[in-house]
Amino acid sequence: MKSLGLKIDLHVHTCYSPDAVTTLNEVTYYSKKRGLDGVAITDHDTLAGALKLKKNRFTVISGIEITTLHGHLLALNVATPIPPKLDINETIQRIHESGGIAVAPHPTLFYKSAPSLRTSSYDAIEVINSAAIPFQLFTCLNQKIATRLGLPQTAGSDSHHGPEIGAAYTVIEADPDVDEIVCAIKKGATIPMGKPIPWRMRLKGEALSLKRKI
Ligand SMILES: [Zn+2]
Ligand SMILES: [Zn+2]
C-alpha cells in the first residue's frame, strides 16, 4: 500500500564532506527530531558516509554531490563513487549506468558552483535549497527553470551542520523503499517544501566549519 507523502531531505552533508560538521549520529537524531522519513546523504565527492549510515534502519539514499567540470551535480541512489572533474554529460551517463538519478542542485546559484543547464539529461531539478540567499528569488528562478525543462522538482537543506537538517525536504509519494523513492522522483511524484536556514543557525554552522578547517 502506498504511504502518501514521505518527507525526505534530499541534500544532506556529513562530516565526510571537508566543509561539514554533522556526525552520522546527528543525521539520525535531527532527521527524527524534524519528523523526516529519510534523507539523501550527498557528501562532496565521497560515498563513504552515506554507505556507513545506510547500515541503519532509517531510510537513507546513498548519494554524492559530484564536482563536475560544469558545476555541482547530485547523484542519488548510486552504489559506487563517480569520479569528480568529468564532463557533466559523461557524469550523468555514469550515474544512469550505475542505476542512479541525476539532480541539478541550486541551478541558479552562481556563487555555489551551479551546474550547467546546457544538458538535457537531468532527471530532476532542485528548486528549493535552504542555503540559497536570497531564498525567495532563487527558489522562484529555479522553479521557472524546472517548469521550462518540464522536469520534476526537489528540495533539500544543503545542510552542513546538524540542526539545519530538514529546513527543506521533498514530499514524495512512494513506499519507504529507496528504489521506489527514486523511481517516484523520476516520475515527478514530488512536492518541494522548505524555508531558508535561519541566520543564527547558519552563522553557527559557518563558525564550526571554519573551526574544523583551521
Ligand atoms: Zn553544491
Ligand atoms: Zn551541497
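The values are calculated or read from the model by the stated rules, or taken from the named source; none is laboratory data. Computed from a predicted model, the values in this text were never measured in an experiment. Cβ sites come from the backbone with ideal geometry, for glycine too, and all protein chains shown count toward neighbours. To get the accessible areas, we keep the full protein, side chains included, count just its heavy atoms, and leave off ligands, DNA and RNA. Shrake-Rupley method; radii C 1.70, N 1.55, O 1.52, S 1.80 Å.
Annotations for the structure displayed:
- One residue stands out in segment 45-103 among those that are assigned to a strand (DSSP E or B) and away from ligand 1 (no atom under 16 Å from the Cβ): the one that is farthest from residue 31 (Cα to Cα), namely 101.
- Considered as a group, the residues in segment 160-203 that are in a helix (DSSP H, G or I) and under 14 Å from residue 131 (Cβ atoms) include one that is most open to solvent (accessible area, probe 1.4 Å), and that residue is 199.
- Residues in segment 186-204 that are more than 24 Å from residue 104 (Cα to Cα) and in contact (Cβ under 8 Å) with a residue 40 or more places away in the chain: 201, 204.
- Any hit, segment 101-119, residues being hydroxyl-bearing (Ser, Thr, Tyr), over 22 Å from residue 180 (Cα atoms), free of Cβ contacts under 8 Å to residues at least 24 places away in the same chain and surrounded by fewer than 16 Cβ atoms within 10 Å (Cβ to Cβ): yes
- Taking the criterion of being open to solvent by 10 Å² or more (accessible area, probe 1.4 Å), of a type in the set (Asp, Glu) and over 21 Å from residue 83 (Cα atoms), the residues of segment 1-55 that qualify are 26, 37.
- Answer residue from segment 139-159, given it is open to solvent by less than 10 Å² (accessible area, probe 1.4 Å) and either within 16 Å of ligand 1 (Cβ to nearest atom) or basic (Lys, Arg) (or both) and is nearest to residue 21 (Cα to Cα) among those: 159
- Failed criterion for residue 106 (all others in (1) within 14 Å of ligand 2 (Cβ to nearest atom); (2) in a strand (DSSP E or B) hold): (2)
- Of all the criteria given as (1) under 18 Å from residue 37 (Cβ atoms); (2) in contact with a Lys or Arg (Cβ under 7 Å, 6 or more places away or on another chain), the one not satisfied by residue 159 is (2).
- Boolean, residue 120 is of a type in the set (Ser, Thr, Tyr), more than 16 Å from ligand 1 (Cβ to nearest atom), part of a loop (DSSP other than H, G, I, E, B) and over 12 Å from the mean Cα position of the chain (by Cα): yes
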